[in-house]
Amino acid sequence: MNEQRIALVTGANKGIGFEIARQLAQAGVIVIMGARDFGRGNAAAEVLKNQGLSVQPCELDITRHDSIAAATSLIKAEFDRLDILVNNAGVFDHADGPPGKASIEAVRHVMETNFIATLAVAQAMLPLLRAAPAARIVNVSSSLGSLTLNGDPASTYYSSQFIGYNASRAALNMLTVQLSEELKGTAIRVNSVSPGFVKTDLTGYGTMTPGEGAKLPVKYALEGNESGEFMGPDGRTPW
C-alpha cells in the first residue's frame, strides 16, 4: 500500500479548490484534482506538476452519477482507498436572492449542486474512505449557511439574503452533522469548514486570496480529531 495519503478535491481546477490541491500536495499528499471539464482540470494539474507536486487530473462532474461512478472506479483501481475527501465544488447563481424574489430554477440549481451532488460524491467515496487507516472529509461550507448568523441583525451575514445558496450551505452542514454521527466509532472524521471571505470567480469580491482561504480546509484535511464541527477563521461557527 502506498504510504502517501491520497486526496480527492472536487472543483480543483481554480479558486480555493486549486489552492487546496496545491497545499495538500505540498504537504506530501497525492492529490486527485476533480474538475467538470477535463481540459481545464488537466491544465491546472500541469501547473502543479511543473512545481514538482504529485497531482493528477480527474474528470468529475458532481451533478452526474456516471461521472461520479467513473471517478470512484479510477481511484479504486489505482489506489484502492481514499484518505481525504474535500467537497469543494459549488455554484452561486446570480438569479438567486431573497425568498420572495429568487428564481426557483436558480434555487433548484444551487441546491442540486451544492448539497445533493455533494451527498452523492460522499456516498460513492465512503467505501474507499473506510478502506483508509484514518480518513477525513472536509465539506467546504460558508458562514452564510449558519442559521444563527442569518437570524442575528448584528451579524454581517444578516442582510445577505440568497435563499438558495444560504440554504444549500445549511443543508451541507446538516450532512456534516449526520454523517459524523453515522460514522461515529470509525476512523473517519467529518467537518464543515468556512474558508472566510475569499475573492474567487464564485464571489467576485472578498478580503482573502484563494491561497489564504485554502489554509483552513487543508488544516482539517490533514490533522485533528474533531468531527461534526463547523469551523471558520475565528474558530467554531454557530450552526
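Key figures
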read-out	value
Restricting the range 142-183 to residues that are part of a loop (DSSP other than H, G, I, E, B) and touching a residue at least 40 places away in the same chain (Cβ under 8 Å), the residue that is nearest to the chain's Cα centre (by Cα)	142
Boolean, residue 11 is modelled with pLDDT of 95 or more, in a loop (DSSP other than H, G, I, E, B) and within 15 Å of the chain's Cα centre (by Cα)	yes
Residue within the range 36-50 that is hydrophobic (A, V, I, L, M, F, W, C), under 14 Å from residue 123 (Cα atoms) and crowded, with 22+ Cβ neighbours inside 10 Å present	no
Any hit, the range 91-106, residues being under 18 Å from residue 8 (Cβ atoms) and out of contact with any Leu (no Cβ under 7 Å at 6 or more places or on another chain)	no
Enumeration of residues in the range 127-141 that are surrounded by fewer than 20 Cβ atoms within 10 Å (Cβ to Cβ) and part of a helix (DSSP H, G or I)	127, 130
Count of residues meeting criterion [exposed (fewer than 15 other Cβ atoms within 10 Å of the Cβ) and assigned to a strand (DSSP E or B)] in the range 76-108	0
Selected residue (only one of 73, 54, 67 is within 18 Å of residue 121 (Cα to Cα), in contact with a strand residue (DSSP E or B) (Cβ under 8 Å, 6 or more places away or on another chain) and surrounded by fewer than 24 Cβ atoms within 10 Å (Cβ to Cβ))	67
Any pair with Cβ under 9 angstrom, 6 or more apart, that starts in the range 36-61 at a residue that is within 15 Å of residue 23 (Cα to Cα) and at pLDDT 95 or above and ends at one that is of a type in the set (S, T, N, Q) and surrounded by fewer than 17 Cβ atoms within 10 Å (Cβ to Cβ)	45/56; 48/54; 49/56; 51/26; 53/26; 54/4
Odd one out for residue 118 among (1) modelled with pLDDT of 95 or more; (2) β-branched (Val, Ile, Thr); (3) more than 17 Å from residue 58 (Cβ to Cβ)	(3)
Checking residue 230 against (1) at pLDDT below 95; (2) surrounded by 14 or more Cβ atoms within 10 Å (Cβ to Cβ), the condition it does not meet	(1)
Candidates 198, 177, filtered to the one that is surrounded by fewer than 21 Cβ atoms within 10 Å (Cβ to Cβ) and either farther than 26 Å from residue 14 by Cβ or of a type outside the set (Phe, Trp, Tyr) (or both)	177
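The values are calculated or read from the model by the stated rules, or taken from the named source; none is laboratory data. As the structure is a prediction and not an experimental result, all values here were calculated from the model. All Cβ positions, even for glycine, are placed from backbone atoms using ideal geometry, and neighbour counts span all protein chains on display.
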